[in-house]
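I'd like to ask you about the structure that follows.
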Amino acid sequence: MKYKRVLLKLSGESLMGDKQFGIDNARLTKYAEQIKEITDLGVELGIVIGGGNIFRGVQAEEGGMDRTHGDYMGMLATMINAMALQSALETAGIDSRLLSAIEMKEIAEPYVRRRAVRHLEKGRVVIFGAGTGNPYFTTDSAASLRAIEINADVIIKGTRVDGVYTKDPEKDVTAEKYDNISFDDVYANGLNVMDMTAFTLCKENDLPIIVFNINTEGNLKRIIMGESVGTIVA
Ligand code: GTP
């Protein structure tokens with residue numbers, strides 16, 4: 001096993017599957033199966049999930065809503081996804097705890113770093129909900145922050161593309177994939193790995209990022225076993 005403690009970032013959109021909105025339960029079940037493969041190995045796993053399949057603060061602002069207000073709505077959307085994910089993990093027989101950055105005691109434990117670490121040590125998957133609890137920060141930033149706080153070995157970002165490309169592979173067929181790239185080269189080439197706040201946090205704290213296709217079954221386990229999957233930024 002190459003990585004022992006891992007932070008997995010899932011986008012809200014990834015939960016939609018082929019739907020236009022909301023949560024595709026079949027997709028969620030597939031993710032839970034992949035997660036079971038690595039928790040069975042003894043991996044300590046934290047998960048941050050986005051909310052874009054339900055609500056996006058930035059788009060709400062474009063529609064005239066106050067940005068802060070929209071961002072809080074987005075944080076609530078991540079909690080809906082987090083609860084759905086927890087349910088899927090439970091069905092797959094995975095022990096988990098949901099911690100929220102915004103206090104909502106009836107549905108989640110409040111986020112306390114030491115508690116999160118204890119849960120990980122006891123083999124529970126920890127889902128971090130409600131982003132960082134602050135507007136103007138994306139869930140990528142929440143993922144970077146939590147990964148650093150729990151001392152993760154790596155942050156792995158599950159997407160629907162195979163890694164980081166020279167150009168957008170969904171728009172340009174000449175795009176080429178990087179297997180490895182440095183933080184500086186990501187900046188220099190203006191590549192979109194994460195938003196800059198999230199990315200800079202990783203760089204300043206020497207936290208490697210792996211971008212990979214979560215929809216290819218078995219990828220999660222391959223990464224944990226040290227196989228070259230996706231793109232590693234280090
Ligand atoms: P240990 O103390 O390490 O055994 O952890 P534990 O999580 O099993 O014990 P605890 O008594 O803290 O929690 C039991 C259950 O209640 C778990 O499913 C927790 O996620 C849940 N829980 C704990 N605190 C809260 C809370 O503040 N709000 C909500 N909604 N659930 C909580």
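Of everything in region 1-26, what is without any contact (Cβ under 8 Å) to a residue 24 or more places away in the chain and in a helix (DSSP H, G or I)? Give them in sequence order.
Ala26 - this is the single residue of region 1-26 that is without any contact (Cβ under 8 Å) to a residue 24 or more places away in the chain and in a helix (DSSP H, G or I).
Is it the case, given these coordinates, that Lys36 is surrounded by fewer than 18 Cβ atoms within 10 Å (Cβ to Cβ) and either more than 16 Å from the chain's Cα centre (by Cα) or within 23 Å of Thr132 (Cβ to Cβ) (or both)? Please lay out each step first, then the result.
Values: surrounded by fewer than 18 Cβ atoms within 10 Å (Cβ to Cβ): yes; either more than 16 Å from the chain's Cα centre (by Cα) or within 23 Å of Thr132 (Cβ to Cβ) (or both): yes.
For Lys36, the condition - surrounded by fewer than 18 Cβ atoms within 10 Å (Cβ to Cβ) and either more than 16 Å from the chain's Cα centre (by Cα) or within 23 Å of Thr132 (Cβ to Cβ) (or both) - is met.
Follow-up question, since we're still on this one. Filter region 120-178 down to the residues that are of a type in the set (Phe, Trp, Tyr) and either assigned to a loop (DSSP other than H, G, I, E, B) or within 16 Å of the ligand (Cβ to nearest atom) (or both) and list them by number.
Here is the first cut: in region 120-178, the residues of a type in the set (Phe, Trp, Tyr) are 128, 136-137, 165, 178.
The answer is Phe128, Tyr136, Phe137, Tyr178.
Looking only at region 189-206, decide whether some residue is in contact with a strand residue (DSSP E or B) (Cβ under 6 Å, 6 or more places away or on another chain) and of a type outside the set (A, V, I, L, M, F, W, C).
no
Could you please let me know if Asp71 is within 23 Å of Phe137 (Cβ to Cβ) and among the charged types (D, E, K, R)?
On the way: within 23 Å of Phe137 (Cβ to Cβ): yes; among the charged types (D, E, K, R): yes.
Considered against the rule, which asks whether it is within 23 Å of Phe137 (Cβ to Cβ) and among the charged types (D, E, K, R), Asp71 comes out as yes.
Quick check on Ile209: is it over 17 Å from Tyr31 (Cα atoms) and under 19 Å from the mean Cα position of the chain (by Cα)? Outline the logic, then answer.
On the way: over 17 Å from Tyr31 (Cα atoms): yes; under 19 Å from the mean Cα position of the chain (by Cα): yes.
So Ile209 passes the test.
Of (1) among the charged types (D, E, K, R); (2) under 24 Å from Glu90 (Cβ atoms); (3) more than 16 Å from the chain's Cα centre (by Cα), Arg27 satisfies all except one. Which?
Only one criterion in (1) among the charged types (D, E, K, R); (2) under 24 Å from Glu90 (Cβ atoms); (3) more than 16 Å from the chain's Cα centre (by Cα) is unmet by Arg27, namely (3).
Something else: Filter region 49-68 for residues that are in contact (Cβ under 8 Å) with a residue 12 or more places away in the chain, hydrophobic (A, V, I, L, M, F, W, C) and more than 13 Å from Phe137 (Cα to Cα); which is surrounded by the fewest Cβ atoms within 10 Å (Cβ to Cβ)?
Within region 49-68, the subset in contact (Cβ under 8 Å) with a residue 12 or more places away in the chain is 49-58, 60, 67-68.
Among the residues that remain, those that are also hydrophobic (A, V, I, L, M, F, W, C) are: 49, 54-55, 58, 60.
Going one step further and asking which of them are more than 13 Å from Phe137 (Cα to Cα), we end up with 49, 54-55, 60.
Working: Ile49: 30, Ile54: 21, Phe55: 19, Ala60: 17.
Within region 49-68, the match that is surrounded by the fewest Cβ atoms within 10 Å (Cβ to Cβ) is Ala60.
Consider Met79 carefully, then state whether it is more than 13 Å from the ligand (Cβ to nearest atom), more than 23 Å from Lys221 (Cα to Cα) and either surrounded by 16 or more Cβ atoms within 10 Å (Cβ to Cβ) or hydroxyl-bearing (Ser, Thr, Tyr) (or both).
Values: more than 13 Å from the ligand (Cβ to nearest atom): no; more than 23 Å from Lys221 (Cα to Cα): yes; either surrounded by 16 or more Cβ atoms within 10 Å (Cβ to Cβ) or hydroxyl-bearing (Ser, Thr, Tyr) (or both): yes.
Taking the combined requirement at face value, the residue does not satisfy it.
No value in this document is a laboratory result; all are computed from the given coordinates. Here the structure is a predicted model, which is why all the values come from computation and not from measurement. FYI the Cβ positions are ideal-geometry reconstructions off the backbone, even for glycines, and counts take in every protein chain you see.
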